[in-house]
Amino acid sequence: MDAFCAEQRIERIDFLKLDIEGSELPALKGAERLLREGRIGCVMVETTLVERTRDLTQRIDDLMKAAGFRSFHASRDGRIVPVDVMKHTTFREDVLWLKH
């Protein structure tokens, strides 16, 4: 994504939704510069935390936090509520990552 956005002169992405069946981490790694520079406003990642995906989910969590993002979930009434995915035993929902 970093290279594509540079080639296409895309300066900012307001909302990035990732639901790519386990390939979210490579996609996020490909956008590390954009994330670090705050050029992506919000990232939504479909997140499934079970025992077999714990390591992958931890790596996504670490990458996003290192880029200065915090994780939230959207409540049914439209509010966003902070969520620490890794404190759960199991977890399945879309996580919103916002730069703080």
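Odds and ends about this structure:
- Qualifying residue in region 63-84 (condition: touching a Pro at 6+ places or on another chain (Cβ under 9 Å) and either of a type in the set (S, T, N, Q) or more than 18 Å from Asp14 (Cβ to Cβ) (or both)): yes
- Qualifying residues in region 15-38 (those that are within 28 Å of Thr53 (Cβ to Cβ) and charged (D, E, K, R)) - the one surrounded by the most Cβ atoms within 10 Å (Cβ to Cβ): Glu24
- Evaluating Thr90 against the criteria (1) without any contact (Cβ under 8 Å) to a residue 40 or more places away in the chain; (2) hydroxyl-bearing (Ser, Thr, Tyr); (3) more than 19 Å from Leu28 (Cα to Cα) leaves one unmet condition, (1).
Values in this text are rule-based calculations from the coordinates and carry no lab data. Predicted model only: the values in this text are computed from it and were never measured. Neighbour counts run over all protein chains shown; Cβ positions are idealised from the backbone, glycine included.
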